[in-house]
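Notes follow once the structure below has been shown.
A short reminder: the numbers here are calculations on the coordinates, not readings from a lab. Predicted model, so just to flag it, every value in this text is computed and none were measured. All Cβ positions, glycine included, derive from the backbone under ideal geometry; neighbour counts span all protein chains shown.
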Amino acid sequence: MDDYSPIFALNYSSHLFRLYILAILIVSLKMDLIRLSLAQESFNSTCTDSEREALLSFKQGLKDPLGRLSSWTGVDCCRWSGIKCNMSGSVMKLDLRNRFPSTISRRYCLGGKINSSLLELKYLGYLDLSLNCFEGLEIPQFFGMLKSLRYLNLSFSEFGGEIPPQLGNLSSLQYLDLNTHDYVTPISYSLSSGHLQWLSGLTSMKYLNMGNTILADLGSELLQVVNMLPFLEELHLHRCGLYDLPISLPYVNLTLLSVLDLSDNQIQSSIPNWIHNLTSLTKLDLSNDYYNLNGNIPRECGDKDSKEDPDPLLYFGFEGRIPGSLGSLCGLKVLNLSGNLLTGELDEFVDSFTTSCPNNSLVSLSLNGNQLAGGLPSSLGKLKYLKQLHMNHNCFWGSIPESVGNLSFLQELDVSLNEMNGTIPRTLGQLSKIIDLNLEENHWQGVITEDHFMNLTGLKYLYVSTDRATPLVFNVPPQWNPPFRLLSLELMNCMVGPTFPAWIRVQNELNNVVLHNTGIEDTIPGEWFSNLSAQLTHLELSDNKIKGKLPQKLKFPKLIIMDLRKNQFEGLLPLWFTNAMWIFLQENNFSGPIPDDISKMTQLNILDVSENHLTGTIPSSICAMTSLEVLSLRENHFTGQLPHCWHEAQQLWALDISSNNLSGEIPSSIGLLISLIKLSLSNNSLRGEIPLSLQNCMKLQSLNLGDNNLSGNLPLWIGNDSVELRILRLRSNKLRGTIPKQWCILLNLHILDLADNSLSGVIPNCLGNLSSLTSTNTFWTTVPNSMERYIFEEQMFMVTKGREMEFSSTLGIVTVINLSNNNLTGEIPQGITNLTALGTLNLSRNYLTGGIPNEIGNMRLLETLDLSNNKLSGPIPDSISYLNSLNHFNVSHNNLVGRIPTGNQLQTLTDVSMFDGNPLLCGKPLLLKCPGPEAGYDVPTMQSPVRDFQSELENLWFYCGGYVCGICGVWLTLWKKDTWREAYFRVLKLT
């Protein structure tokens with residue numbers, strides 16, 4: 001027995017252990033049964049009659065269009081949708097949050113009134129009415145009597161008016177969300193508060209969100225009151241209109257605060273110094289949505305301290321340098337300072353942060369939209385947990401530091417819109433987690449190789465662009481197969497050609513492709529089109545020399561933008577972009593007619609096929625494209641008449657069919673295009689009168705009908721005060737009559753070109769009332785889309801500086817009045833000298849008389865002044881010398897007399913032909929000197945110690961010659977004219 005005792009003991013112990021485990025399992029099972037029984041009792045508990053009646057009264061006051069509360073029937077309200085009860089059957093939770101998608105959420109909104117019967121719910125601790133539609137209803141004051149409330153969410157439910165201070169009685173409240181949405185909610189539904197002392201009563205508050213609440217000048221009071229809430233963990237005060245945030249606080253009580261959001265306010269001060277005492281912060285958001293609030297942030301790269309401060313009415317945000325004291329916030333995971341007015345370099349902050357917090361856990365750093373400068377510090381590589389690094393729209397220069405390759409968790413890197421003029425390091429190839437890499441709009445130099453992409457297996461978005469002066473070269477082997485499959489690729493002004501890169505051909509998941517000015521001179525691979533993803537939405541291959549024909553049968557069901565401009569594509573116009581909205585095919589070699597079935601492109605908004613070799617007539621099916629907004633057929637070979645099918649349903653705001661071979665009259669149906677803003681039919685052979693129906697185009701801003709055979713009088717309807725014309729070009733037609741005085745009320749007009757017609761009468765003096773030409777503002781025409789110059793760039797020829805020039809992108813700053821080569825009579829009106837912002841004034845080749853107005857010098861911005869080939873007389877006013885911008889001046893072939901003014905800009909105009917045909921003009925630059933000292937060059941005689949005998953002799957000969965010529969002229973006339981001679985001697989007899 002003794003021999004087996006150890007084994008027996010071991011078996012006995014094992015047996016006891018099994019019994020012990022079994023006992024534990026039995027006890028555990030029994031406890032579970034007890035819990036289940038209690039839960040069943042709770043589940044079977046029913047709400048009280050008073051609370052059920054209170055909920056039904058509450059429901060009765062609500063609007064519920066789709067029956068979200070249809071389950072609120074029966075005896076047991078604890079089973080109703082959105083209701084939770086405690087074990088005794090008392091309602092403890094009322095959750096009526098609208099959980100449907102935002103696109104359809106208004107259909108499922110609850111609205112109406114909120115009945116005070118909720119006060120019967122004595123144990124109500126959770127109330128959520130968020131994402132509903134109470135349409136300006138004030139927050140009920142009785143909410144302040146729901147003493148058990150710990151959670152109150154009224155966000156995005158269109159409550160309005162004053163926040164009731166009675167909410168301050170909810171001493172148990174831990175969560176309060178009053179956030180409103182100012183992008184959707186009308187301004188009349190905004191919440192506001194006249195004072196904030198009621199917040200001090202919320203002593204248990206952990207989460208406070210008052211985003212989009214109008215608090216205006218309560219910034220100082222707000223921070224002082226909030227500082228009294230010791231348990232506060234999150235504070236959201238975005239877009240509250242705050243502007244007086246205190247720079248310092250006497251003490252900081254927010255020791256538990258982990259999230260502080262002061263974004264999108266109107267603060268213009270340095271970053272408050274009390275923030276660095278918030279040592280528990282994990283997220284700090286001091287950003288501004290500068291695209292929506294501030295317009296374009298001013299980028300004044302260079303010495304910021306020497307620049308003038310931005311206009312506070314236009315720009316706001318935190319100023320100065322990023323304080324190094326923020327480096328003490330070692331718990332930060334998210335820091336967003338974007339959209340401010342921060343200046344200086346980044347070294348101090350990053351070095352301080354990485355030194356003070358070597359084990360920092362920063363995940364997201366956003367500095368975009370500031371005025372930060374200098375090189376990127378190598379210490380960025382010590383932010384080892386960083387996932388997002390956004391530094392776009394600043395003034396950083398130099399190269400990306402190689403240490404960035406140490407950021408092994410980095411997913412997003414954006415340094416676009418800077419002044420980066422160095423190289424892109426190969427260490428970027430180490431960022432195996434990178435998804436989004438944006439290096440656009442810098443001045444990169446050097447070469448990109450496959451090493452830059454070695455381990456970028458997760459890369460989905462790649463954006464690289466540089467300026468044309470410093471091309472960035474992609475030098476990868478032809479057989480290179482990249483480790484990534486991109487969703488979006490944008491390369492601009494980068495050399496990836498001349499052949500179509502194989503590494504781009506294999507990208508078969510792309511939905512966005514931009515290869516602009518990439519040096520490709522190859523024939524586009526046909527299989528590449530077929531391999532492109534069906535998800536493709538944007539395809540741009542512009543400004544290359546890509547050749548070949550486009551496939552006619554391929555379809556991209558989700559394609560929105562197709563931009564193939566400035567290439568060498570040929571063949572017929574493709575119509576396989578059936579769902580495309582924007583198509584740009586200009587400046588190619590497409591030929592043949594526009595297909596009659598073009599109307600099948602029902603979604604098309606923009607069609608630009610200008611500067612091709614298209615022929616035939618313009619099909620009337622174009623009029624059936626009711627979604628079309630921009631149509632440009634400029635510079636092709638279209639013949640025949642314009643279609644007469646235009647109708648009111650069309651949305652066209654830009655129509656350009658200039659420089660073709662069209663004939664016939666302008667169809668009156670064009671006047672049905674009531675959305676029309678820009679109309680150009682110039683350089684054709686159109687005849688007839690300008691149709692009266694165009695007066696229906698009340699939004700018309702640019703009308704270009706020049707270089708045709710139009711006849712009739714200038715239309716009076718153009719002077720209607722409802723017309724918004726900025727550009728009126730009717731030159732080179734057969735128009736007659738006078739310039740209507742009604743046109744003087746075109747206060748936005750900055751280009752008026754009526755040259756080369758048969759106009760008569762006088763120039764209206766009231767042209768001096770054209771107020772747009774009395775200030776130096778620019779005159780960009782307004783269109784329905786902010787991308788005007790991308791979707792449609794108007795082009796126009798005008799005579800200025802003595803030659804015909806083409807204007808396009810700068811058309812908005814051109815100011816011209818050209819009335820040359822007509823039959824205008826009378827004097828140059830005095831009022832025209834009021835046009836102090838006018839750049840070109842051309843009145844040449846008319847029959848104008850009188851003198852040049854003495855106030856002509858008031859037109860200080862004149863660059864071109866052409867008064868040649870008229871019958872002007874008198875001297876050239878000395879004020880001409882005030883025209884400091886003048887670079888083309890012509891008064892030839894008039895009857896002007898006297899000394900030519902000198903000084904300032906006139907000294908640079910030495911072409912004597914500008915004074916031809918005025919024999920009585922003298923002085924430089926002419927060889928004929930004037931009597932007396934030469935103004936601006938000779939010292940007056942009374943001040944000269946030495947007499948200039950040669951000059952005096954020339955003056956003597958000038959006067960004697962003039963006297964002799966005059967006497968000889970009289971005697972010669974008497975000798976030749978018998979009637980004059982008899983009259984002369986008859987007068988002598990009488991005397």
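For segment 467-567, the set of chymotrypsin sites (Phe, Trp or Tyr not before Pro) satisfying both a DSSP loop assignment and a count of at most 16 other C-beta atoms within 10 Å is given as W480. Considering only Cα-Cα distances, which of the following residue pairs are longer than 30 Å: K84/K333; K93/K333; K387/K545; K63/K147; K113/K147; K600/K678? Violating the 30 Å Cα-Cα cut-off are K84/K333; K93/K333; K387/K545.
Hey, how much of the P(r) for segment 433-482 falls beyond 18 Å, as a percent of Cα pairs? Considering segment 433-482, 36 percent of its Cα-Cα pairs are separated by more than 18 Å. Give me the one-decimal nm value for the distance between modelled label points at T615 and E804, 7 Å along each residue's Cα-to-Cβ direction. About 2.5 nm separates the two model spin labels. Annotation: amide H of V513 within the under-5 Å range of L489, H538, L539, E540, sequence separation 5 or more or interchain, hydrogens built in the peptide plane. Highest mean packing first, where packing is the average number of other Cβ atoms within 10 Å per residue, the peptides 249-261, 831-843, 343-355 line up as 831-843, 343-355, 249-261.
The packing ranking, built from the mean of other Cβ atoms within 10 Å per residue, places the peptides 364-371, 885-892 in the order 364-371, 885-892, highest first. Restricting segment 654-731 to GluC sites (Glu not before Pro) that sit in a DSSP loop and have at most 14 other Cβ atoms within 10 Å of their own Cβ leaves E689.
The distance between label points at C766 and Q603 comes to 5.1 nm (points 7 Å beyond Cα on the Cα→Cβ vector).
Fewest-first ordering of I594, I751, I622 by other beta carbons within 10 Å of each residue's beta carbon gives I622, I594, I751. Distance between the modelled labels on T355 and V506, one decimal in nanometres: 4.7 nm (7 Å Cα→Cβ projection). Computed extension length for Q641-D522: 39.0 nm, one decimal, from 0.36 nm per residue of separation with the Cα-Cα distance subtracted. Across segment 85-98, rounded Karplus estimates of 3J(HN,Hα) from the backbone phi angles (6.51 cos²θ - 1.76 cosθ + 1.60, θ = phi - 60°) give 10, 8, 5, 8, x, 8, 5, 10, 9, 10, 10, 10, 4, 7 Hz, Gly and Pro being marked x. Near G374, the amide H atoms lying under 5 Å from its own belong to W397; only residues 5 or more places off or on other chains count, and H is placed 1.01 Å from N.
At a Förster distance of 30 Å, what's the computed FRET efficiency of R107 paired with S71, Cβ-Cβ distance as r, to 0.05?
Calculated value: 0.95.
As a calculated quantity, the FRET efficiency between Y385 and T774 at R0 = 41 Å, using C-beta atoms, amounts to about 0.10.
Taken about its Cα centre, segment 672-760 carries a charge dipole of roughly 60 debye when the Cβ of each Lys and Arg holds +1 and the Cβ of each Asp and Glu holds -1.
Sort segment 416-567 into rounded, prolate or oblate with this rule: let a ≥ b ≥ c be the square roots of the eigenvalues of the Cα gyration tensor; rounded if a/c is under 1.5, and if a/c is not under 1.5, prolate when a/b is larger than b/c, oblate otherwise. Verdict is prolate for segment 416-567. About its Cα centre, the dipole of segment 795-940 is roughly 100 debye, where the only charges are +1 on Lys and Arg Cβ and -1 on Asp and Glu Cβ.
For N713, the residues 5 or more places off, or on other chains, whose built amide H falls under 5 Å of its own are R736.
Across segment 547-664, C-alpha contacts under 8 Å between residues 6 or more apart give a mean separation that, scaled by the residue count, equals a relative contact order of 19 percent.
Under the convention that each Lys and Arg Cβ holds +1 and each Asp and Glu Cβ holds -1, the size of the dipole of segment 510-553 around its Cα centre is about 180 debye.
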